Amino acid sequence: MGNKKGPWLAKQRSDKYYRKSKNEHHRARSYYKLEQIDKKYNVLTVRGRFPKSVLDLGAAPGAWLEYIKDQYEKHPKNGKPSKPSYVGIDLRSIRPFEDAPFVSSHRYDIFKPDCHQFIADNGPWDVILSDLAPKTAGDFRDIAIQEDMVKQVTTTLKHLKNEGNIVVKIFQSEQTNSFVKNWKEKFRLIKRIKPEASRPKSRELYVVGLGYLR
């Protein structure tokens, strides 16, 4: 049997953002996706301040948590909260941020009640982020599972603070426009973006909701 990792590794090493993440010592190339989304839409600004609480769904290996931590540490003291809580949830374990006790991670399944109970018990949240995606099969099943994940993320809106922000990954399909339309009445501004750091052939798209209207 051949080495299945050979072509995968070759593809990774030829990817601009994979190489960039290695050179800059980030946990994953997805670091740049959130960076690009945040720079365009200021999702980590709520009511003019850096958020005190952020929930990151589908957080492994922790690149988005890493970006949040970096931005918090760079932020001017008069614009960032004391005792923040930045929480990642994933089925997989996430290597701890030993130098940042305000960043934590927990293993939960978004489809299970105990996950939603944890979200409720530790909210409300200034910002909710979701990079949830299924292990891709390369066919229609990917879209169906991902749409179910988005439905689960939608249920967390009741734990988002007034004027809070959300970013959720979706896979582009015939349902995309109706999904965005349904969210328009929930936020002051709804945008969709495919960051440059997304792979060109990927169907992923991020919907950004700014200023939640409770």
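Observations on the structure shown:
- Cβ-Cβ under 8 Å pairs, at least 6 apart or on other chains, segment 192-208 side in contact (Cβ under 8 Å) with a residue 60 or more places away in the chain and assigned to a strand (DSSP E or B), far side buried (at least 20 other Cβ atoms within 10 Å of the Cβ) and hydroxyl-bearing (Ser, Thr, Tyr): ILE193/TYR206; GLU204/SER198
- The number of residues in segment 160-185 that are over 13 Å from VAL46 (Cβ atoms), out of contact with any Asp or Glu (no Cβ under 6 Å at 6 or more places or on another chain) and at pLDDT 95 or above comes to 1.
- Scan of segment 142-168 for residues that are surrounded by 16 or more Cβ atoms within 10 Å (Cβ to Cβ), in contact with a Lys or Arg (Cβ under 9 Å, 6 or more places away or on another chain) and not aliphatic (A, V, I, L, M), ordered by number: ASP142, GLN146, LYS161, GLU163, GLY164
- Conditions (1) assigned to a helix (DSSP H, G or I); (2) hydroxyl-bearing (Ser, Thr, Tyr); (3) within 14 Å of the chain's Cα centre (by Cα): number failed by TYR72: (3)
- Positions within segment 75-106 being of a type outside the set (Gly, Ala, Ser), at pLDDT 95 or above and not in a loop (DSSP other than H, G, I, E, B), in sequence order: TYR86, VAL87, ILE89, ASP90, VAL103, HIS106
- Among (1) modelled with pLDDT under 95; (2) among the aliphatic types (A, V, I, L, M); (3) within 15 Å of the chain's Cα centre (by Cα) - the single one ILE145 does not satisfy: (3)
- Residue list for segment 18-34, restricted to those being part of a helix (DSSP H, G or I) and under 17 Å from ALA60 (Cα atoms): TYR18, SER21, LYS22, TYR31, TYR32, LYS33, LEU34
- Here segment 36-51 is the region considered, the condition is being more than 14 Å from VAL127 (Cβ to Cβ) and in contact (Cβ under 8 Å) with a residue 60 or more places away in the chain, and the residue that is surrounded by the fewest Cβ atoms within 10 Å (Cβ to Cβ) is LYS40.
- Unmet criterion (only one of (1) assigned to a strand (DSSP E or B); (2) under 18 Å from LEU57 (Cα atoms)) for ASP114: (1)
- Residues in segment 168-192 that are out of contact with any helix residue (DSSP H, G or I) (no Cβ under 6 Å at 6 or more places or on another chain) and of a type outside the set (D, E, K, R): GLN172, GLN175, THR176, ASN177, SER178, PHE179, VAL180, ASN182, TRP183, PHE187, LEU189.
The values are calculated or read from the model by the stated rules, or taken from the named source; none is laboratory data. In this text, all values refer to a predicted model and were calculated from it rather than measured experimentally. Counting neighbours? That spans all protein chains shown, and the Cβs are built from the backbone with ideal geometry, glycine included.
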